[in-house]
């Protein structure tokens, strides 16, 4: 039997042997993310050896598995661990892994629920009614939006799962999905698993890293069945203005596409901005759904609990697929999530203020070394331009090797991420400032007078 730990290695070895780039095909002449690339393998190619030890392999990965894009963040984790094991003090700012604890009242609810034997059996496949009702109450309290907890809410084992499942629900081979570029790489994975094609929506600095649907060629638009949007955005930190969301809804209405609005960082907006729900917009529920996770707002990344709300037909499709794939999340975690959504919001506001403090400290530290970094409007990421004459990958590699600091090259998020690296604010102020100082000692920037 092929061990799980080998599976990704086998797939990547097959891609290298095939001499082709990794990931799902782009639509038409779409630009390709460097290093990640979008392509396909010959499904008849047989992988016969393990690249790690040369061991003969009895099984061939499926063409579906081989079509998956490489998982950049697994490499980040592995590299950081290897350097730390070698004795280096590594500052890992390459991942969006919250470093602060879950609020105590949520943990206490989990403990109490876990002690109750009634939570030890299977959850209803589509999730606990108590959590669905809490989600509906959260929408009402936060945004004045009414959702039907039974028809318009789906419980997810993390938003990542749902953002991939929506492609499996809607896309056929030959269909097109629009994805923000740069954007969250796991959008690509669901599209690849569905055998569909992606087309990038370029996010350009001159547009504030907001998508412009006028850039979608008519021949592509006619084939679009699914559009991914993300605000506040990973990796750029941009927050979409209302008119951008309205434009996306109009595009979906015109072409009969569905919108998947990724609102993972919904609560993390700064400088007087107010959180915005996709479902607040006229027409949104008719064309799409919103994905939200408790990972970022409540520091619950490891709990793997999220939800999707909106169009009842899309929710029904997600629930049907999940009936076949999952038995929902541990009931005690669902009850704790309900406590989070129904409980006091001061911890969320305090968390937002902490990320703003970290953002300001890091941006100021960068300016001291001569690195002009614009402060993000939202999320807990900073989108940093690399020095002239360097690629994103070259800069990230040098920072890792010489400054022992992990940052994510922009090309990990798409071709239009070239020229940038993403820095995560999931570290204390002192470590963020130290990271900037280490980078400053590389002599790549000229300190300001």
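Brief remarks follow.
- All told, residue 449 meets the bar of being modelled with pLDDT under 95 and either under 18 Å from residue 84 (Cβ atoms) or not in a helix (DSSP H, G or I) (or both).
- Counting only residues that are in contact (Cβ under 8 Å) with a residue 12 or more places away in the chain and surrounded by fewer than 24 Cβ atoms within 10 Å (Cβ to Cβ), the stretch 369-383 holds 7 of them.
- On inspection, residue 263 fails the criterion of being assigned by TED's automatic domain parsing to the domain that holds residue 132, in contact (Cβ under 8 Å) with a residue 24 or more places away in the chain, under 19 Å from residue 149 (Cα atoms) and more than 14 Å from the chain's Cα centre (by Cα).
- Subset of the stretch 57-78 (residues that are out of contact with any helix residue (DSSP H, G or I) (no Cβ under 8 Å at 6 or more places or on another chain), exposed (fewer than 15 other Cβ atoms within 10 Å of the Cβ) and outside any loop (DSSP other than H, G, I, E, B)): 75, 78
- Test for residue 394: is it over 29 Å from residue 275 (Cα atoms) and part of a helix (DSSP H, G or I): yes
- Those helices (runs of 4 or more DSSP H) of the stretch 215-289 in which 1 or more residues are out of contact with any helix residue (DSSP H, G or I) (no Cβ under 8 Å at 6 or more places or on another chain) occupy 218-221, 242-255.
- Among residues that are at pLDDT 95 or above, at positive phi and surrounded by 20 or more Cβ atoms within 10 Å (Cβ to Cβ), residue 144 is not included.
- Residue match in the stretch 162-177 (condition: over 24 Å from residue 216 (Cα atoms), in contact (Cβ under 8 Å) with a residue 40 or more places away in the chain and out of contact with any helix residue (DSSP H, G or I) (no Cβ under 6 Å at 6 or more places or on another chain)): yes
- Flag for residue 288 being free of Cβ contacts under 8 Å to residues at least 24 places away in the same chain and either within 21 Å of residue 354 (Cα to Cα) or buried (at least 23 other Cβ atoms within 10 Å of the Cβ) (or both): no
- All positions within the stretch 194-211 that are within 18 Å of residue 234 (Cα to Cα), part of a loop (DSSP other than H, G, I, E, B) and touching a helix residue (DSSP H, G or I) at 6+ places or on another chain (Cβ under 8 Å): 203, 204, 210, 211
- Residue list for the stretch 320-379, restricted to those being in contact with a strand residue (DSSP E or B) (Cβ under 7 Å, 6 or more places away or on another chain), closer than 28 Å to residue 164 by Cα and outside the structural domain of residue 143 (by TED's automatic domain parsing): 376, 377, 378
- Residue, nearest to the chain's Cα centre (by Cα), within the stretch 158-193, restricted to residues that are surrounded by 24 or more Cβ atoms within 10 Å (Cβ to Cβ) and assigned to a loop (DSSP other than H, G, I, E, B): 183
The values are calculated or read from the model by the stated rules, or taken from the named source; none is laboratory data. It should be emphasised that the depicted structure is a prediction, and the values quoted were computed from it without experimental measurement. In this analysis, Cβ positions are derived from the backbone assuming ideal geometry, glycine residues included, and neighbour counts consider all displayed protein chains.
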